[in-house]
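Asks: Here it is, the structure, as structure tokens.
FYI, it's all coordinate maths here, none of it is from the lab. Please read these numbers as outputs of a predicted model, since none were measured by experiment. Here the Cβ positions follow ideal geometry from the backbone for every residue, glycine too, while neighbour counts run over all protein chains shown.
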């Protein structure tokens, strides 16, 4: 099986071109290739497939084999792969995802290769029923108190096609993410589990973020999570509608536009290509 290893702000996935390859059991393959000792090593597996509704289709599987609706860093790399490998020939394309069809604007370097992508991530979903969360279906969750283990957190929850729980902390570097991340991810409040973003405010236009990703643990970046943080900052009055988000793997530019959509701009990098025997 041919594959490409790609990363967006350090959020790394194994990509398989399903215009040419067939993957019978993507959940098992995701667990196999993601293993950093016995596989290729990644945060998960992304399949690039033909679509009847868009230029390409993306399916994304976490390192534990569970399928997620969307991946913001992953979709930028899908766009890069599709253009650089001749699946598309335009610098504005559409991609079908589990969160709907998204529009992507591609930027090339002096070698004609895509190195940055701007993604229209769509409008955030804010109601409990849309995230999803238990409780009153048509209620928003902004600065809601949540008791977890030995402390209580103030949470703001957003869906960007997949669920996110945003929590603001004072000392991001020393926050025990590995303790509270899985407890919140698997809290009964979230029937489909949730991604968790721990955020430190630098200024109204700048934040820092660490991510506990559903099904993968701590990752260097999360594009849908960074988008959720942009929305949560406005909802809670902590940040502007346009921010620079510093993640462990790099920076992302976010804008929650006045017409409703969130726009994310960031890097897309191919690390290497290879062949893998999935037996």
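Asks: Can you order the peptides 224-232, 186-194, 3-11, 108-116 by their average number of other Cβ atoms within 10 Å per residue, highest first?
Replies: Order by mean packing, descending: 224-232, 3-11, 186-194, 108-116.
Asks: Here's another thing I want to ask about it. Looking only at the chain, where both bridge partners belong to it, what percent of the DSSP beta bridges are antiparallel (to the nearest 5)?
Replies: Within the chain, antiparallel bridges account for around 80 percent of the total.
Asks: Can I ask one more? Choose one answer from 181, 249, 237: the residue with the largest mean-square fluctuation in a GNM of the chain with alpha-carbon springs under 10 Å.
Replies: Its mean-square fluctuation being the largest, the pick is 237.
Asks: Next question, about the same structure. Where both partners of a DSSP beta bridge lie in region 128-260, what percent of those bridges are antiparallel, to the nearest 5?
Replies: Around 75 percent of the beta bridges assigned by DSSP in region 128-260 are antiparallel ones.
Asks: Among 184, 75, 142, which one shows the highest mean-square fluctuation when the chain is modelled as a Gaussian network with alpha-carbon springs under 10 Å?
Replies: Of 184, 75, 142, the most mobile in the Gaussian network model is 142.
Asks: With each pseudo-label sitting 7 Å past Cα toward Cβ, what's the residue 154-residue 22 distance in nm, one decimal?
Replies: Going from the residue 154 label point to the residue 22 one covers 5.6 nm.
Asks: Let me ask you something else. Which distance in nm do the two modelled labels at residue 130 and residue 92 give, with both placed 7 Å along the Cα-to-Cβ direction?
Replies: Going by the 7 Å Cα→Cβ label model, 2.5 nm.
Asks: With percent of Cα pairs over 33 Å apart in mind, check (i) 34; (ii) 24; (iii) 17 and report the label derived from this structure.
Replies: (iii)
Asks: Something else: Please state, as a whole number in µm²/s, the translational diffusion coefficient that the Stokes-Einstein equation yields for region 128-260 at 20 °C and 1.002 mPa s, with Rh defined as the Kirkwood radius across alpha carbon pairs.
Replies: The calculation lands on 147 µm²/s.
Asks: Nearest 10 degrees, 0 to 90: what angle lies between the long axis of helix 72-84 and the longest principal axis of the chain (Cα atoms)?
Replies: Between the helix axis and the principal axis of the chain, the angle is about 20 degrees.
Asks: Right, another one. Tilt of helix 223-235 relative to the longest C-alpha principal axis of the chain, in degrees (0 to 90, nearest 10)?
Replies: Once rounded, one gets 30 degrees.
Asks: Over all alpha-carbon pairs in region 1-137, figure out the percentage whose distance exceeds 25 Å.
Replies: Across region 1-137, Cα pairs with separations above 25 Å total 28 percent.
Asks: Please give the residues of region 236-279, grouped as numeric ranges, whose backbone N is less than 16 Å from a label point set 7 Å along the Cα-to-Cβ vector of residue 175.
Replies: 236-239, 245-249
Asks: In deg cm²/dmol and to the nearest 500, what is the mean residue ellipticity at 222 nm of the chain if only DSSP H runs of at least 4 residues count, each as -39500 (n - 2.57), divided by the residue total?
Replies: Value at 222 nm, helices only: -5000 deg cm²/dmol.
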